[in-house]
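Novice: The structure follows.
The values are calculated or read from the model by the stated rules, or taken from the named source; none is laboratory data. Just so it is clear, the model here is predicted, and its values are computed rather than measured. A quick note on method: Cβ atoms are made from the backbone with ideal geometry, for glycine too, and the neighbour counts reach across all protein chains shown.
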Amino acid sequence: MIDIHQILKLLPHRYPILLVDRVLELETGKSIKALKNVTINEPFFMGHFPKHPVMPGVLMIEAMAQAAALLSFSTMGVTLDDKTVYYFAGIDGARFKRPVGPGDQLIMDVELLRMKSGIFKYKGVTRVDDKIVCEAELMCTMRTVA
């Protein structure tokens with residue numbers, strides 16, 4: 001298990017865009033299971049939507065990508081430095097099955113499908129109470145910046 005203190009050392013994201021609270025399982029080179037607690041204090045709920053708060057789907061995708069980044073770093077045996085950035089390269093087949101709101105706990109299962117020429121492809125499924133709320137294939141890459 002990886003707790004929030006270790007996640008903060010591994011990911012460059014910070015509040016309000018850090019969307020992984022804990023890693024529950026990690027099998028290097030294969031898969032990761034991560035958790036995001038959704039609270040009413042999330043800044044996006046002020047406008048999405050005030051009378052019926054719903055987590056934006058794009059943020060569920062971002063949460064899966066952050067979990068995928070942790071899997072990538074473990075697989076490659078690297079940690080990011082100030083000259084390396086981990087980017088989205090593509091999203092395919094994104095589907096949103098049901099709304100997510102305050103009090104829900106996202107469980108993100110991300111599986112590494114392949115890694116070639118520095119591009120990682122993943123299959124991600126996010127659940128709340130064992131019900132699928134979001135799924136997508138993600139592509140990510142690491143790049144050195146000046």
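Novice: Can you run down the residue pairs with Cβ atoms below 8 Å, 6 or more apart or on separate chains, where the first is in segment 127-146 and surrounded by 15 or more Cβ atoms within 10 Å (Cβ to Cβ) and the partner is outside any strand (DSSP E or B) and of a type in the set (Ser, Thr, Tyr)?
Specialist: Correct list of pairs: Cys140/Ser72; Met142/Ser72.
Novice: Here is a follow-up. Among (1) among the hydroxyl-bearing types (Ser, Thr, Tyr); (2) modelled with pLDDT under 95; (3) closer than 28 Å to His5 by Cβ, there is one condition Ser31 misses while meeting the rest; what is its number?
Specialist: (2)
Novice: Would you be able to tell me the number of residues in segment 83-113 that are among the charged types (D, E, K, R), part of a strand (DSSP E or B) and over 15 Å from Leu70 (Cβ atoms)? Even if it seems obvious, please write down each step before you answer.
Specialist: Step one: filter segment 83-113 for residues among the charged types (D, E, K, R), giving 83, 92, 95, 97-98, 104, 109, 111.
From the residues that got through so far, the ones that are part of a strand (DSSP E or B) too are 92, 95, 109, 111.
From what's left, over 15 Å from Leu70 (Cβ atoms): 92, 95.
Residues in segment 83-113 being among the charged types (D, E, K, R), part of a strand (DSSP E or B) and over 15 Å from Leu70 (Cβ atoms): 2 in total.
Novice: Residues in segment 43-59: is at least one part of a strand (DSSP E or B) and either at pLDDT 95 or above or more than 20 Å from Val133 (Cα to Cα) (or both)? Break it down stepwise before answering.
Specialist: To start, the set of residues in segment 43-59 that are part of a strand (DSSP E or B) comprises none.
The answer is no, given that none of the residues of segment 43-59 is part of a strand (DSSP E or B) and either at pLDDT 95 or above or more than 20 Å from Val133 (Cα to Cα) (or both).
Novice: Do we have any residue at all in segment 99-107 that's at positive phi and either out of contact with any helix residue (DSSP H, G or I) (no Cβ under 8 Å at 6 or more places or on another chain) or at pLDDT 95 or above (or both)?
Specialist: Our first condition is that a residue be at positive phi; within segment 99-107, this holds for 103.
Filter again for either out of contact with any helix residue (DSSP H, G or I) (no Cβ under 8 Å at 6 or more places or on another chain) or at pLDDT 95 or above (or both), leaving 103.
Yes - at least one qualifying residue is present in segment 99-107.
Novice: Being over 11 Å from the mean Cα position of the chain (by Cα), surrounded by 19 or more Cβ atoms within 10 Å (Cβ to Cβ) and either hydrophobic (A, V, I, L, M, F, W, C) or closer than 15 Å to Lys97 by Cβ (or both) is the filter here, so list the residues in segment 49-67 that pass it. Write out each step before concluding.
Specialist: Taking segment 49-67 as the starting set, the residues that turn out to be over 11 Å from the mean Cα position of the chain (by Cα) are 49-57.
Next, from what is left, pick out any that are surrounded by 19 or more Cβ atoms within 10 Å (Cβ to Cβ): 53, 55.
Correct list: Met55 only.
Novice: Let me ask something else about it. Of the residues Leu71, Leu113, Leu10, Leu24, which single one is surrounded by 16 or more Cβ atoms within 10 Å (Cβ to Cβ), modelled with pLDDT of 95 or more, of a type in the set (A, V, I, L, M) and within 20 Å of Leu138 (Cβ to Cβ)?
Specialist: On the way: Leu113 fails: surrounded by 16 or more Cβ atoms within 10 Å (Cβ to Cβ); Leu10 fails: modelled with pLDDT of 95 or more; Leu24 fails: surrounded by 16 or more Cβ atoms within 10 Å (Cβ to Cβ).
Residue meeting the stated conditions: Leu71.
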